[in-house]
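K.L.:
Provided herewith is a single structure, encoded as structure tokens, for subsequent inquiry.
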Amino acid sequence: MTDLKDAGTAPLYFLCYRVYDTDEATVDASFGALDISNRTHHRILDVEARVGSPQVDSTHKLRSPASMDFSGLEFGRPQDIPLDDNEAAIRTSLWLSTDAAFKSAQKSFIEVKANRDVRVSEEDQSNDFSSAKPIVSAEKLQVLSVDLEKWNERLRKLSAIYKEYPQITESMVELNTSCVRKYIANSEGSRVQTSSLQARVITSASAISDDGMVVRLYDSVDTLDPANLPDDTQLEQRIRKLASAVTALRNAHMAEPYVGPAILRSRAAGVFFHEILGHRIEGHRQKDEEEGRTFAKKVNEQIMPSFISVIDDPTLTKLGDKALVGHYDFDDEGVAAKRVNIVDKGVLKNFLMGRSPINKFDESNGHSRAEPGHKPVARQGNLIVQSSKSVPYDELRHMLIEEAKKQGKPYGLVFDEIAGGFTITQSFMPQSFQLLPLEVTRVYVDGRPDELLRGVNLVGTPLASLETVMGAASDVDTFNGVCGAESGWVPVSASSPSLLVRTLETAREWKEQNKPPLLPPPQYDDTAQTKKLDKL
């Protein structure tokens, strides 16, 4: 800082180093054979250099007509640094990266000033950077302990179960484990050393319906320590349940476009809120002129029913018996993670903030996150939907039937499982969302048996969808996954009770046009078995 502060045309006022030391192990098996078994270790360095002033600096977003220009988000070029604790080699990496980041910041600041000169004034004139109290914390570093050879054999055995289901065309069982050690040092005096463990066993299977549609289902178990993963008996039960569900889904009825009442089961409801609310209350989006800013001016306004509240709390490691993978102690700007009350009794109260201030919210609440090598921005962690009134799930289902009758609908829908979704927040695109349901059930009002459906996309717009939440069940479950945005992929959790919504719209899902395989799977092919016996 001393040597570079006045070395360019614009003063350097902030410098930050981030190192992500990642140890990962992955095992992937399919139909009894290994596809992947490896362990990797790498270190990524990211240097953040800000020139100008906290009011306007080199990271200021460049505005261009109807584009997704993220050029103002770059600090420098992240790079791998030595795995050995060799001081001279690491100093050289720091030296080169600092030089590159400083020069890039000088160039960016010139572009920022030119861009501001030719564009209209921005609606939100907040500073580009906020102050934060320096933190000095050195947590005990964790170590990834995993026996790859043991997991190789476990996954061979578990993945072979799918061979018993002839209609399944593709399947996998995968172990993902990681230990990320994060080091942050900045010119304000912060020195943070932290680490986190995560482990997941995920299985998926797919089949091809007679009309060419590929159906697939997923199931996963997430923990914050590989030692807490289920044993083989529990995993086998989950795999067999999934295989049976995929076979049933292959033969299910094709859904038709629909608008009417629906129940989002708890995991699906969590993803629903993650997409339609979560991304739109990330702080930096409230002042970006190219964003839709759906909720920017709705603070202290009712945006959903009064029995619903929403928080985001990265400090939690579990909710009930479910691990929350969105947990962290310090965000990627070195600020302590904090619980944020986003919606209180239906009223919007707060945004998820990093160190990019917005109108009336000028401090970070510890939600700046990034994939290694990306610039941190405000992101979700553990999003939790709460209801002050709830009923048993069977009663919520009865409410669905009554609402369908009231609307003159022959049935309502229940969304049981969901793969994920995406949302569009940019103002030059439709302000809409799309969720990708996996299992959807048609519940008839006349008492006919429920009917499993396939080929459903859940679509809509945020404000209209939030207002139509009618009720909640007393169950709560968590969707764990990864979320992608401009700062890369980060682990997130979304928890919610099952919710009854007055009006949801569905559309047909795109499907393949190829017929199912003409020949049976090899293990069910009599000719192949005969040749094998002859050879023996």
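Values quoted throughout were computed directly from the atomic coordinates according to the rules given, and no laboratory measurement underlies them. Here the structure is a predicted model, which is why all the values come from computation and not from measurement. As a convention, Cβ positions derive from the backbone with ideal geometry for all residues, glycine included, and neighbour counts pool all protein chains shown.
K.L.:
Run the numbers on the range 258-508 and let me know its relative contact order in percent, using alpha-carbon pairs under 8 Å that are six or more apart. Working shown, then result.
P.N.:
Numbers: 666 pairs, mean separation 74.7, N = 251.
That works out to 30 percent.
K.L.:
Enumerate the calculated ³J(HN,Hα) couplings along the range 14-20 in order (Karplus 6.51 cos²θ - 1.76 cosθ + 1.60, θ = phi - 60°), each rounded to whole Hz, writing x wherever the residue is Gly or Pro.
P.N.:
8, 9, 9, 10, 10, 10, 10
K.L.:
Next up: Please state the relative contact order of the chain as a whole percent: Cα pairs under 8 Å, 6+ residues apart? Provide the component values of the computation, followed by the final result.
P.N.:
Numbers: 1330 pairs, mean separation 83.1, N = 536.
Answer for the chain is 16 percent.
K.L.:
Got the relative contact order for the range 148-253 handy, in percent, Cα pairs under 8 Å and 6 or more residues apart? List each step's numbers first, then the result.
P.N.:
Working: 169 pairs, mean separation 28.3, N = 106.
Relative contact order of the range 148-253: 27 percent.
K.L.:
Please tell me which of these pairs span more than 25 angstrom C-alpha to C-alpha: LYS318/LYS360; LYS113/LYS133; LYS182/LYS345; LYS113/LYS287; LYS61/LYS297; LYS113/LYS349? All intermediate terms of the calculation are to be shown ahead of the outcome.
P.N.:
On the way: LYS318/LYS360 32 Å; LYS113/LYS133 29 Å; LYS182/LYS345 37 Å; LYS113/LYS287 18 Å; LYS61/LYS297 21 Å; LYS113/LYS349 34 Å.
Listed pairs above 25 Å: LYS318/LYS360; LYS113/LYS133; LYS182/LYS345; LYS113/LYS349.
K.L.:
Taking 0.36 nm per residue of sequence separation and subtracting the Cα-Cα distance, how much length would be gained by fully extending the chain between SER64 and GLU402, in nm to one decimal? Walk me through the numbers on the way to the answer.
P.N.:
Numbers: separation 338, 0.36 × 338 = 121.68 nm, distance 5.01 nm.
Taking 0.36 nm per residue and subtracting the Cα distance, the gain is 116.7 nm.
K.L.:
What's the local net charge at TYR393, with K and R +1, D and E -1, over the other residues with C-beta under 12 Å away?
P.N.:
Every neighbour counted, the sum reads -3.
K.L.:
Something else now. At what distance in nm do the modelled label points of ASN359 and THR9 sit from each other, each positioned 7 Å from its Cα along Cα→Cβ?
P.N.:
3.2
K.L.:
Oh, and also: If I model a spin label at GLN513 and GLU486 as a point 7 Å from the Cα along the Cα→Cβ vector, what separation in nanometres do I get?
P.N.:
Spacing of the two 7 Å Cα→Cβ label points: 3.9 nm.
K.L.:
Provide the FRET efficiency to the nearest 0.05 for the VAL259-PHE307 pair, computing r from the beta carbons and using R0 = 22 Å. Working shown, then result.
P.N.:
On the way: r = 24 Å, r/R0 = 1.09.
Approximately 0.35, to the nearest 0.05.
K.L.:
Still on this structure, I have one more. With charges only on Cβ, +1 for K and R and -1 for D and E, what is the dipole size of the range 73-185 about its Cα centre, in debye, rounded to 20?
P.N.:
Working: 16 positive and 19 negative charges, 31 e Å.
Around 140 debye, computed over the range 73-185.
K.L.:
Based on DSSP H runs of at least 4 residues, each adding -39500 (n - 2.57), what is the mean residue ellipticity at 222 nm of the chain after dividing by all its residues, to the nearest 500 deg cm²/dmol? Don't skip to the answer; put the middle values down first.
P.N.:
Details: 7 runs with 104 residues, N = 536.
After summing the helix terms and dividing by residue count, I get -6500 deg cm²/dmol.
K.L.:
Still on this structure, please answer the following. Run the reach check for LYS409 against lysines, Cα to Cα strictly under 27 Å, same-chain hits fewer than 8 apart removed. What comes back?
P.N.:
LYS389, LYS511
K.L.:
Still on this structure: Can you spot the aspartates and glutamates whose alpha carbon is less than 20 Å from LYS405's alpha carbon? Ignore those fewer than 8 places along the same chain.
P.N.:
The reachable aspartates and glutamates, counting only those whose Cα sits under 20 Å from LYS405, are GLU256, ASP394, GLU395, ASP446, ASP450, GLU451, GLU505.
K.L.:
With a sphere of radius 11 Å drawn around the Cβ of GLU139, what net charge do the other residues whose Cβ falls strictly inside it have (Lys, Arg +1; Asp, Glu -1)?
P.N.:
Net charge in that neighbourhood comes out at +2.
K.L.:
For the ranges 90-102, 267-279, 109-121, what's the packing order if you count other beta-carbon atoms within 10 Å of each residue, average per peptide, and put the highest first?
P.N.:
On the way: 90-102: 16.2, 267-279: 26.0, 109-121: 13.2.
Per-residue Cβ counts within 10 Å, averaged per peptide and sorted highest first, yield 267-279, 90-102, 109-121.
K.L.:
Looking only at the chain, where both bridge partners belong to it, what percent of the DSSP beta bridges are antiparallel (to the nearest 5)? Provide the component values of the computation, followed by the final result.
P.N.:
Values: 118 of 131 bridges.
Beta bridges within the chain, antiparallel portion: roughly 90 percent.
K.L.:
Multiply the residue separation of LYS349 and THR247 by 0.36 nm, subtract the distance between their alpha-carbon atoms, and state the gained length in nm to one decimal. Mind showing how you got there, number by number?
P.N.:
Working: separation 102, 0.36 × 102 = 36.72 nm, distance 4.54 nm.
Contour length minus the Cα-Cα distance gives 32.2 nm.
K.L.:
If you fit an axis through the alpha-carbon atoms of helix 232-250 and take the longest principal axis of the Cα set of the chain, what angle between them do you get, 0 to 90°, nearest 10?
P.N.:
Taking the Cα atoms of the chain, the angle to 232-250 is about 70 degrees.
K.L.:
Rounded to the nearest 0.05, what FRET efficiency is calculated for THR503 and LYS318 with R0 set to 35 Å and r the Cβ-Cβ distance? Could you put the intermediate results ahead of the total?
P.N.:
Details: r = 34 Å, r/R0 = 0.97.
Calculated transfer efficiency: 0.55.
K.L.:
Using the charge dipole of the chain (Lys, Arg: +1 at Cβ; Asp, Glu: -1 at Cβ; taken about the Cα centre), state which of ALA88, THR503, PRO226 has its Cα farthest towards the positive end.
P.N.:
THR503
K.L.:
Just to be sure I understand the model, the point goes 7 Å from the Cα along the line to the Cβ. What's the resulting THR92 to LEU141 distance in nm?
P.N.:
2.1
K.L.:
Any idea what the dipole of the chain comes to, in debye rounded to 20, about its Cα centre with Lys/Arg Cβ at +1 and Asp/Glu Cβ at -1?
P.N.:
600
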